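Bear in mind these aren't lab numbers, they're just calculated from the coordinates by the rules spelled out. Computed from a prediction, not measured in an experiment: that's the story for all the values here. Using ideal geometry, Cβ is built from the backbone for each residue, glycine included, and neighbour counts are taken over all protein chains shown.
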Amino acid sequence: MTDKKSNKGRIIVRRNGPYQVEGAIPLVRKTQVVSEFGEPLNWKKETVFNTEDPYFLCRCGHSSNKPFCDGTHRSIGFEGTESADTNTFADRQKIDERGNGIVVKSDHSLCMNSGFCGNRNTNIRKMVSQTDEPAVRAEIMAMIDRCPSGTYTYALNKDEEDIEADLPEQIAQTVEITAEGPIEGPLWVTGYIEVERADQQPFEIRNRVTLCNCGESGCKPLCDGTHRKVQQEKLRDEKA
């Protein structure tokens, strides 16, 4: 999984600035599809943006032309220092071998609480012990495939390579559906696109990465879910 590299382009994290996207990487908008209980179920592509090469995406969260950068990071003195781990998923992973026909691996330092790993009744961790039932294995696999951050992966047994969803090489501006209303989610990068950090530290190339575009994450350039708390509080205040 870690030896693959984008054939088209890369994303360069500009120091205290935007993401510079090179190589004609498609940019789209995707919105969560949720159940009547508010549980994330899937993603729906709604918009394909016209872009030039290169193009620049907002990282500070204050652009008036999102998802694109409009230079606001300079006027607000955006501090974008990166603090995400630079070792690999394999270094950090926890392996759950309780399953039958599936080995689940996780790295919760990547988690941004998108919610695809469970529902109102159960979650992946609880389901692993029930994988004698093929339908449970299939549900775990589907949940992992839809997780945007790549927190979870799976293999059929401990001696085989991880199985990854066949995701397009693209960047998605995401929209999350919450009880308070739609909110802006992170940039969802798929298809083994290289992300080059501004501090020149190595960064693992993965099939799924969620990049912060609210400016508030505590593990930049990755999303840690902070955008959700900030925007939900704002929506509640507006309704009060």
Report summary line: Kirkwood Rh for the range 89-155 from C-alpha pairs, in Å, is 11.9 Å
Report summary line: Averaged over all viewing directions, the convex hull of the alpha carbons in the chain casts a projected area in nm² of 13.5 nm²
Query raised in the report: How many percent of Cα pairs in the range 92-200 exceed 23 Å?
Result: 34 percent
**Report entry** Inter-part distance where the range 165-240 and the range 53-86 are each reduced to a Cα centre, Å
**Finding:** 12 Å
Report task. Let me have the 222 nm mean residue ellipticity of the chain computed from DSSP H runs of 4+ only, each contributing -39500 (n - 2.57), with the sum over all residues rounded to the nearest 500. Result -> -4500 deg cm²/dmol
Requested in this report: With a 10 Å radius around each residue's Cβ, average the other Cβ atoms per peptide and rank 176-183, 49-56, highest first.
Outcome: 176-183, 49-56
**Report entry** Percentage relative contact order, the chain, counting C-alpha pairs under 8 Å, at least six apart
**Finding:** 24 percent
Query raised in the report: Using alpha carbons only, how many degrees (0 to 90, rounded to 10) separate the axis of helix 134-146 from the longest principal axis of the chain?
Result: 10 degrees
Query raised in the report: Sorted by average packing, counted as other Cβ atoms within 10 angstrom per residue and highest first, what order do 131-137, 210-216 take?
Result: 210-216, 131-137
Report task. Give me the number: length gained by fully extending ASN65 to GLU160, i.e. 0.36 nm times residue separation minus the C-alpha to C-alpha distance, one decimal in nm. Result -> 29.7 nm
Query raised in the report: Angle between the Cα long axis of helix 226-239 and the longest principal axis of the chain, 0 to 90 degrees, nearest 10?
Result: 70 degrees
Report summary line: Charge dipole of the chain built from unit charges on the beta carbon (Lys, Arg +1; Asp, Glu -1), centred at mean Cα; most positive-end Cα among ASN42, SER106, GLY225 is GLY225
